[in-house]
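In what follows, a structure is listed as structure tokens, so that the remarks can point back to it.
Derivation of every value follows stated rules applied to the coordinates shown; laboratory data play no part. A quick note: this is a predicted structure, and the numbers were derived from the prediction, not measured. Every residue, glycine as well, gets a Cβ built from its backbone with ideal geometry; the counts of neighbours run over all protein chains shown.
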Amino acid sequence: MSRTGLPRIPKIAFGGDYNPEQWPEEVWKEDYRLFDAARIDTVTLGVFDWALTQPAPDVYDFSTLDRVVGRAAAEGRQICLATGTGAHPAWLARAHPEVTRTDFEGRRHRYGQRHNSCPSSPVFRRLSTELARRVARRYAGNPAVVAWHVGNEYGGACYCDLCAAGFRGWLRDRYGSLDALNAAWYTTFWSHTFTDWAEIEPPSALTEHWRGPNHTAFQGITLDYLRFMSDAMLANFRDELAAIRESSPDVPVTTNFMGMYRPIDYHRWAPHLDFASWDNYPPDDDSPAWMALTHDLMRGLKGGQPFWLMEQTPSYTASRDVNPLKRPGVMRLWSWQAVAHGADAVLFFQMRASRGACEKYHGAVIGHAGRQDTRVFREVAELGAELDRLGTATLGARTPARVALLFDWDSWWALEISDGPSRLLRYQQIVHAYYRALWAAGTDVDVLPVTADLAGYRVVVAPALHMLKGDLPQRLAEVAEHGGSVLTTFLSGRVDENDNAFLADVPGPLGPLMGIRIDEWDARGPEVVNPVRLRDPAAPAGTGADDETGDEAAELEVEARLLFELVIPEGAEVLGTYQADFYAGTPAVTRHAYGAGHGWYVAAGLDQPGVDWVVRRVLERHDLVGPYADVPDLETTVRVAPDGTRLRFLLNHGTEPVETVAHTAATDLLGGGRLEPGESIRLDPRGVLLLREENRLPSTAVARDSEGAQR
């Protein structure tokens with residue numbers, strides 16, 4: 001196995017979290033019989049076994065885990081083996097109360113729940129690392145172990161004295177001197193100048209905050225604490241990673257991320273994982289574009305390398321106020337969507353339903369009655385059979401995207417802790433609106449950090465790029481200079497990496513590329529609508545629905561809400577204008593010729609039809625609209641196998657059949673048969689089609705450089 005890549009597996013891994021320690025051993029035999037029936041080949045073991053494996057400070061007992069691992073190996077299963085440190089045991093909290101977290105309100109927690117370990121606690125770090133070391137040493141030679149799983153769903157924050165000391169050390173490393181720190185935090189405001197490192201406190205409800213974690217008097221302090229806490233938990237992961245490497249240098253290591261999870265900057269974590277994996281629990285039961293965005297974000301963490309879908313429910317969750325059931329076909333559809341966007345594993349939580357505690361009603365492949373004649377089990381088994389038939393066809397395949405969407409945790413944090421212009425603006429929602437427009441256009445997208453190499457992308461979309469760091473403005477300008485298009489929005493180019501405003505016209509260093517300046521902005525409640533009239537850049541000015549000689553399609557009026565920036569063109573062409581208030585007739589959408597390309601700026605919170613319209617115009621210039629873009633409810637994406645085979649996925653997210661025609665000759669890898677160009681295609685509700693197209697790409701088409709960035 002490659003130390004720096006994915007596990008070597010013979011097909012898409014299929015299975016999930018299995019907790020046999022919760023059951024008597026006579027149940028295990030029946031479980032594996034059912035696993036055979038469902039084609040389950042991979043189990044994640046030992047995620048929460050710390051209390052069993054280390055029942056006392058100096059006692060390690062591997063008898064249960066030995067039987068669990070031994071049985072899985074004997075049954076021919078691949079094992080993703082966890083270090084067991086997802087939750088610390090009760091004896092540890094009693095012996096060392098400092099290992100539990102202190103919350104935002106300043107309350108020291110007692111033992112309970114999970115995500116309750118202080119990441120700065122020397123005792124927690126020492127004992128969690130030692131457990132990982134012993135687990136790895138014991139099972140490193142087991143050929144059934146194909147991956148290591150460190151911790152579980154890292155999250156939470158701590159504000160204890162240990163974290164305060166850790167924060168001060170982190171700040172010394174970052175700034176080097178108090179003078180540099182005071183300048184970065186703008187501490188001449190409100191008499192906040194620090195003259196000793198010991199004076200610095202974690203920003204909490206007891207110090208800089210009011211009305212919760214997003215309301216802070218000093219954004220720079222809070223921003224740095226968010227960065228520090230993400231790094232502190234990363235240090236916990238790296239402790240265990242190093243311990244595993246002592247005896248298992250070649251088996252890949254991961255931890256399960258949670259998609260667009262605000263507390264942790266996964267871009268900072270990504271270089272330390274061999275492969276990315278994540279748990280997909282969407283916010284509702286109808287979020288295909290949201291899930292696609294998150295899949296692409298996870299794939300982008302490792303420069304386009306495939307990822308593992310580590311968890312999803314086969315039916316419903318149990319953690320929300322309302323937990324909808326996945327309708328027939330949805331589990332299969334969403335599983336194939338993950339594969340379409342880069343997953344090399346489709347795993348579930350959980351394999352057998354827990355009998356008690358907070359996840360007893362969480363969905364499972366095997367329910368409490370242990371039946372295999374349920375709808376859920378049948379659907380899982382049918383998917384398992386499909387994956388068996390598919391074999392290696394998609395393993396290692398890459399996405400040949402020519403569009404990049406930038407996603408930045410620093411901008412997310414800075415935007416949402418800002419006092420003004422509006423607390424109603426949410427970074428995820430803004431990014432999702434622009435991604436959804438790309439998704440609807442059938443365009444393959446790489447979701448990337450702002451540090452990524454952008455060479456080779458024809459379009460870069462950077463919604464709400466609030467914070468500009470390093471040489472990003474120059475790299476964006478180079479995209480346009482070489483004939484590409486850069487699209488950004490309101491609230492972009494506002495602050496530097498310390499969250500201090502640029503001493504320049506908005507949008508700061510992006511101004512020359514965008515050809516505009518912004519002196520004022522207007523934030524309003526959601527009930528206030530300012531219509532924006534959009535004009536197709538390919539149409540002459542003045543044509544449209546109000547022009548008897550014009551084309552009605554040349555103009556479109558859409559709604560804008562929440563934020564309206566007042567734009568003064570400085571070379572940019574006006575493509576959209578406000579229709580109301582004192583700034584009626586002024587620009588809301590602009591395009592600026594820059595080199596051989598363009599900088600596009602959207603100054604208002606356009607509704608989805610408005611965002612769709614702008615994005616489609618950008619894509620059309622580069623011929624990047626997909627062949628099935630105008631088919632309602634139909635998602636399409638492409639992966640290219642290592643041998644150049646082009647694989648196109650068509651997924652019907654609707655409740656009605658979809659009919660279209662094949663745009664090229666292809667073979668149906670799931671249903672068999674062949675399609676010719678122009679031949680009719682019919683997808684049932686929530687249907688999936690996987691086509692091996694004949695227009696094979698050379699393997700160099702998705703080659704990466706040594707950093708993993710797509711060229």
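Between residue 392 and residue 667, the contour length at 0.36 nm per residue exceeds the Cα-Cα span by 97.4 nm.
Compactness of segment 403-621 is given as radius of gyration and Dmax, 16.1, 53 Å, from Cα positions. Convex hull of alpha carbon positions in segment 3-148: directionally averaged projected area 10.4 nm².
Once you have the Kirkwood Rh of the chain from its Cα pairs, apply Stokes-Einstein at 25 °C and 0.890 mPa s and quote D in µm²/s. Don't jump to the answer; show the numbers that get you there.
Values: Rh = 27.1 Å.
It comes out at roughly 91 µm²/s.
Over all other residues within a Cβ to Cβ distance under 10 Å of residue 379, the charged ones net out to +3, with Lys and Arg as +1 and Asp and Glu as -1.
For segment 592-653, a Kirkwood hydrodynamic radius built from all Cα pairs, placed in the Stokes-Einstein relation at 20 °C and 1.002 mPa s, yields a translational diffusion coefficient of 149 µm²/s. Placing a pseudo-label 7 Å from each Cα along the Cα-to-Cβ vector at residue 655 and residue 607 gives an inter-label distance of 2.3 nm. Calculate I(q)/I(0) for segment 634-702 by the Debye formula, one identical point scatterer on each C-alpha and no solvent, and give its log10 at q = 0.15 Å⁻¹ to two decimals. The Cα Debye sum returns log10 ratios of -0.47.
Stretching the chain fully between residue 369 and residue 593 yields a gain of 74.1 nm (0.36 nm per residue, less the alpha carbon separation). Couplings for segment 172-183, taken from phi via the Karplus curve 6.51 cos²θ - 1.76 cosθ + 1.60 with θ = phi - 60°, read 4, 5, 6, 9, x, 8, 5, 4, 5, 5, 4, 5 Hz in order; Gly and Pro are left as x.
Just add up the charged neighbours of residue 41: K/R +1, D/E -1, any other residue whose Cβ is under 12 Å from the Cβ of residue 41. Spelling it out: positives minus negatives among the neighbours equals 0. Each of 117, 319 was scored by other Cβ atoms within 10 Å of its Cβ. Arranged with the fewest first, they read 319, 117. Normalised by 2.2 N^0.38 Å, where N counts its residues, the alpha-carbon radius of gyration of segment 473-533 equals 1.33. Provide the FRET efficiency to the nearest 0.05 for the residue 643-residue 538 pair, computing r from the beta carbons and using R0 = 30 Å. With R0 = 30 Å, the Cβ-Cβ based efficiency is 0.15.
Mean separation of Cα pairs under 8 Å and 6 or more residues apart, divided by the residue count, gives segment 161-224 a relative contact order of 28 percent. In a DSSP loop and with at most 14 other Cβ atoms within 10 Å, the trypsin sites (Lys or Arg not before Pro) in segment 194-281 are 211. Summing Lys and Arg as +1 and Asp and Glu as -1 over all other residues whose Cβ lies under 15 Å from the Cβ of residue 102 gives a net charge of -1. Exposure proxy for 278, 170, 336: other Cβ atoms within 10 Å of each Cβ, ordered fewest to most, give 170, 336, 278.
Modelled label positions at residue 90 and residue 676, each set 7 Å beyond Cα in the direction of Cβ, lie 7.2 nm from each other. For the chain, adding -39500 (n - 2.57) for each run of n ≥ 4 DSSP H residues and dividing by the number of residues yields -8500 deg cm²/dmol at 222 nm. Cβ crowding within 10 Å, taken as a proxy for footprinting-reagent exposure, orders 506, 589 from fewest neighbours to most as 506, 589. When restricted to Cα atoms, segment 256-411 yields an Rg and a Dmax of 16.1, 49 Å, respectively. Under the criterion of Cα pairs below 8 Å and six or more residues apart, the relative contact order for segment 403-621 equals 21 percent. Once the Cα-Cα distance is subtracted from the 0.36 nm per residue extended length, the residue 56 to residue 385 segment shows a gain of 114.0 nm. The three principal axes of the C-alpha atoms in segment 161-224 carry coordinate ranges of 32, 27, 16 Å, sorted with the longest axis first. Cα-based values for segment 149-290, radius of gyration first and Dmax second, are 18.0, 53 Å. Relative contact order of the chain: 11 percent, from C-alpha pairs under 8 Å at least 6 residues apart in sequence.
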